[in-house]
Structures are given as C-alpha cells and as structure tokens.
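The values are calculated or read from the model by the stated rules, or taken from the named source; none is laboratory data. Owing to the predicted nature of the structure, the values given are computational and were not obtained by experimental measurement. Here the Cβ positions follow ideal geometry from the backbone for every residue, glycine too, while neighbour counts run over all protein chains shown.
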Amino acid sequence: MSEKKMMKYSVLRYSPSRVAGEHINLGIIFDAPKDNYLEFRYVRKYARLAAFDDELNIDNVKTLLRNIKEDISGNIFIGNTFDIEDYVKFYINDFCFEKPKTIAYDDVKEVIDTLHRSYFRFEYEKHERPTAEEDKKMLARIIKDSGKIVSKQRVLNGLFDDRITYDLVTDDYKIKVFDYDKKDLSRSINAAKTWAWNAMKNKDHKVMFIYRYDDADDSHSDAFNTIISILNDSGADVVDIDTGISKLQA
C-alpha cells in the first residue's frame, strides 16, 4: 500500500472585531507539493457576506480575493518555492488566514473537493452539499490526520447508567453532531435540553456540539437561536461544522 501524501491548507476568514466571535469563510489555499499543486479558491456568491456585514464594501473584497489568487498563481508561473506558513502570517487584521492545517490524501482532486465542500457548503446547490454522514467522516479523518485517536459511534454510560451515543470520541472530546439542515427545529428543542444536561453532568471529557444548519433559508430562526442558547448553557463547545473541523485539528 502506497504511503499517503500530505497537503497543507489554510482558510481565509473575515472576522470584524465588532461581530464578536463570528466569522465567514472567503477562500482557501491548497498546497500539495508532491503533486505540484498550489491554488487559491474563493467564494463566488456574495449574498451571505453582504448579509453578514452590510457595511462591508463587497467590491473591495472581490479585489482582495482576486489579488491573492493572482499572487499565488504568480508563484507557480515564475517557479518560486511557496511557503504557506510564511505567506499567511501577513494577514493579521479583519481578513486573516487560519494557521495552516495538514491532511493526508491519496487523490489530490478528491481531498480538495472534500475540503472545499466542507468549508464552503453554501457555494453549492443543496443536493451537492456534504451529507451529515460525509461531514462525520470528514471530522474523523482530520482528527486522525492530526495524530489523535478517534472512536466512531461510541456508546457510553450516562450518570444513571443510561446509554449515550456520541458520534466521535477523542482523548479530548466527546462529540455530537446535530443536523439541523431543513429540519422542523421546534421538534429539536427537547433533544437539545437532554444533550445539554448530559454535557453539564459530564466529568471526564469536554463535550463538543457541532451543528449543520442551512442559514440561507432561515437565518433568523427563533427555534434555532433557542437551541443554540440551550447548548451554550451546557458549558460545551458549540460550533458550526467548519469551525469544528478547524478546532479539532488544532
């Protein structure tokens, strides 16, 4: 069996200080030297960005993204050695790259498509977006590639010897993935209360709740906001899917 190759990638995010703790993904650098592959892909749909910050100059953002793409493409054209760690450190303001992550792969196209669909799901039509099972596989994959041990579908005993099934368990986290895409969220509030109670009573592991939610359809869902508030009150880490991917690779 051939040894897997390693790719580094880094996500460009916009995170204005006035929107505390919130961000939106704008682009991603893929750097796979073994396949001589270097690319910067960026968003094509700007409605979500405009809604995220209605004071942001979208034309300026488009110019920034084009410049980054031309800059990285220029490295390939003139044959320069590209150092992703060095490149991303110069973006330190509202527009900044995450610390580069590493992922193993066999097929460069497969890993790029998988990562792009995970971080930029709203760039795709609904039927093209990752399924809940694909997202769980992706989470397990990036955890494993970061050198951590991960167990899937782990059933553990609760406080009263009840059986609790987590999607993933690592040395650091018990992880539950909630799929709120296109669901009747009013029916999910009681389940959120149960999981929040379990997290509060947990003693041996930190709990992470990861949610999938299509905010393009209903970005101001009262039921969704209620669910997130309940989960946050548990003391668990509550994150969306792409933040979960990044956090678990740290």
Residue pairs meeting the criteria (Cβ under 7 Å; at least 6 apart or on separate chains; first outside the structural domain of Y42 (by TED's automatic domain parsing), in the range 94-122; second in a loop (DSSP other than H, G, I, E, B) and among the acidic types (D, E)):
none
Taking the range 71-84 as the search range and keeping residues that are aliphatic (A, V, I, L, M) and closer than 18 Å to Y9 by Cβ, which one is modelled with the lowest pLDDT?
I76
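One line per residue, one yes/no per condition, for (1) at pLDDT 95 or above; (2) closer than 23 Å to S146 by Cα; (3) part of a helix (DSSP H, G or I):
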| site | (1), (2), (3) |
| --- | --- |
| A20 | no, no, no |
| G27 | yes, yes, no |
| L38 | no, yes, no |
| D86 | no, yes, yes |
| F90 | no, no, no |
State whether the residues of the range 76-89 include one that is in the same structural domain as K45 (by TED's automatic domain parsing), hydrophobic (A, V, I, L, M, F, W, C), without any contact (Cβ under 8 Å) to a residue 60 or more places away in the chain and in contact with a Pro (Cβ under 9 Å, 6 or more places away or on another chain).
yes
In the range 15-70, the residues that are under 30 Å from K5 (Cα atoms) and basic (K, R):
K34, R41, R44, R66, K69
Can you name the number of the only condition in (1) modelled with pLDDT of 85 or more; (2) surrounded by 12 or more Cβ atoms within 10 Å (Cβ to Cβ); (3) over 26 Å from A140 (Cα atoms) that N225 fails?
(2)
Single match in D59, D54 (criterion: farther than 24 Å from Q249 by Cβ and at pLDDT below 90):
D54
Applying the selection to the range 105-138, what residues are of a type outside the set (D, E, K, R), buried (at least 17 other Cβ atoms within 10 Å of the Cβ) and not in a helix (DSSP H, G or I)?
Y105, F120, P130
Given the conditions (1) of a type in the set (K, R); (2) under 20 Å from the mean Cα position of the chain (by Cα); (3) surrounded by fewer than 17 Cβ atoms within 10 Å (Cβ to Cβ), report the number of the one that K69 does not fulfil.
(2)
Could you tell me whether the range 196-208 includes any residue that is in contact with a helix residue (DSSP H, G or I) (Cβ under 9 Å, 6 or more places away or on another chain), more than 28 Å from T114 (Cβ to Cβ) and surrounded by 14 or more Cβ atoms within 10 Å (Cβ to Cβ)?
yes
